[in-house]
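Read-outs throughout are calculated quantities, based only on the coordinates presented, and are distinct from any laboratory measurement. Keep in mind it's a predicted model, so treat the numbers as computed, not measured. Note that we place each Cβ from the backbone using ideal geometry, even for glycine, and neighbour counts take in every protein chain shown.
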Ligand SMILES: NC(=O)c1ccc[n+]([C@@H]2O[C@H](COP(=O)([O-])OP(=O)(O)OC[C@H]3O[C@@H](n4cnc5c(N)ncnc54)[C@H](OP(=O)(O)O)[C@@H]3O)[C@@H](O)[C@H]2O)c1
């Protein structure tokens with residue numbers, strides 16, 4: 001099978017950056033011998049990739065100069081309390097911004113709670129409460145803490161290849177498997193929905209090109225996390241994302257996050273199974289997670305998602321329902 005651009009996702013980007021150099025040096029040489037095929041191809045696509053990221057950064061900067069659109073005061077308060085895990089990440093921060101904007105009570109579990117202030121500003125505690133916690137540590141996940149949480153969106157992750165983000169053993173095995181399992185075990189059985197962001201390719205981690213991405217197990221461990229969620233008895237929806245585009249906007253603030261757009265790629269493709277090979281805007285994934293919370297027939301389902309050029313559903317619940325409905329096999 002030919003290598004697809006998806007094989008060189010942001011997972012791989014971090015593998016190619018200087019930051020990851022130190023961690024790569026500490027890898028067994030046998031593993032380091034395998035990626036050159038990846039690096040050669042990645043080098044050839046890197047200039048356009050970097051340009052794309054620069055463009056996104058420029059767009060965001062431009063948007064920063066405009067006044068923010070904050071709808072939360074106009075929205076009626078929601079009865080939901082949504083716990084976002086991974087809320088400082090690319091998808092997670094967009095989820096949190098959208099929840100705040102819709103007046104939906106949010107709880108964040110963050111390894112470093114100061115990131116919440118940086119990203120979302122000082123918020124009323126009733127709207128946004130931040131808890132310190134690392135999903136790898138069951139002791140950080142006291143079930144008593146989660147009483148009252150009605151919905152969970154989990155968008156934790158780490159790089160697929162060794163990087164600084166693995167420091168302290170924060171590897172795919174620990175985050176995508178141990179972390180997801182620990183979280184599920186700590187959640188109340190009364191939960192209305194658990195939405196897990198996963199990845200396309202998880203069922204094919206032994207096949208090319210996915211096996212390259214899975215060199216350090218990321219897809220295998222994501223699948224193990226998925227399976228645990230599936231068998232947990234919790235009402236779940238799993239969203240398998242294609243290669244993520246747009247963002248992460250990690251050095252920006254809430255107003256900028258609220259102004260982030262998917263550019264031209266607003267049209268959404270949702271399927272079931274593990275067939276899609278493409279890209280998806282982080283904004284689209286974030287919106288899909290939020291919409292899935294309220295779609296009854298999405299309970300117990302696994303979806304895959306891409307976004308392409310064209311008009312999309314935006315944040316219209318009816319349009320999202322139609323998209324999910326069309327994809328739902330049974
Ligand atoms: N990149 C792609 O192309 C791609 C494709 C398909 C699926 N995915 C998956 O999509 C999801 C969202 O991706 P993304 O790019 O938004 O992710 P991201 O920017 O890497 O964010 C990951 C989030 O997980 C948190 N986290 C990491 N380790 C943790 C731990 N031990 N305990 C608690 N939180 C932890 C991070 O918090 P800190 O701030 O503390 O680090 C961060 O908030 C991830 O599961 C990713 O693997 C990615």
By the C-alpha gyration tensor axes a ≥ b ≥ c (rounded if a/c is under 1.5, else prolate when a/b exceeds b/c, else oblate), the shape of segment 81-327 is rounded
Most packed first (mean Cβ within 10 Å per residue), the peptides 265-271, 122-128 order as 265-271, 122-128
Residues of segment 87-101 with backbone N under 19 Å of the label point set 7 Å from the Cα of residue 125 along Cα→Cβ are none
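Only counting other Cβ atoms within 10 Å, I'd like 151, 230 sorted with the fewest neighbours first. Intermediate values should be presented prior to the final figure.
Values: 151 24, 230 15.
Ascending Cβ contact count within 10 Å gives the list 230, 151.
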Here the residues of segment 160-187 lying in the modelled label zone of residue 227, meaning backbone nitrogen under 14 Å from a point 7 Å along Cα-to-Cβ, are 177-178, 181
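Mind ranking 101-110, 76-85 by how tightly packed they are, going by the mean number of other C-beta atoms within 10 angstrom, highest first?
Details: 101-110: 21.8, 76-85: 18.4.
Packing order, densest peptide first, comes out as 101-110, 76-85.
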Stretched fully, the stretch from residue 118 through residue 147 gains (0.36 nm per residue minus C-alpha distance, one decimal, in nm) 7.8 nm
Within segment 81-327, the percent of DSSP beta bridges that are antiparallel, given to the nearest 5, stands at 15 percent
A student applying the Cα gyration tensor rule (rounded when a/c is under 1.5; otherwise prolate if a/b is larger than b/c, oblate if not) would label segment 198-330 oblate
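Just order 142-150, 187-195 by mean Cβ neighbour count inside 10 Å, highest at the front, would you? Walk me through the numbers before you get to the answer.
On the way: 142-150: 14.0, 187-195: 17.7.
Answer by packing, highest mean first, reads 187-195, 142-150.
Quick one: grab the alpha carbon gyration tensor of segment 117-163, order the square roots of its eigenvalues as a ≥ b ≥ c, and give me rounded if a/c is under 1.5, else prolate or oblate depending on whether a/b is larger than b/c.
On the way: a/c = 2.12, a/b = 1.29, b/c = 1.65.
Because a/c hits 1.5 or more and a/b fails to exceed b/c, segment 117-163 counts as oblate.
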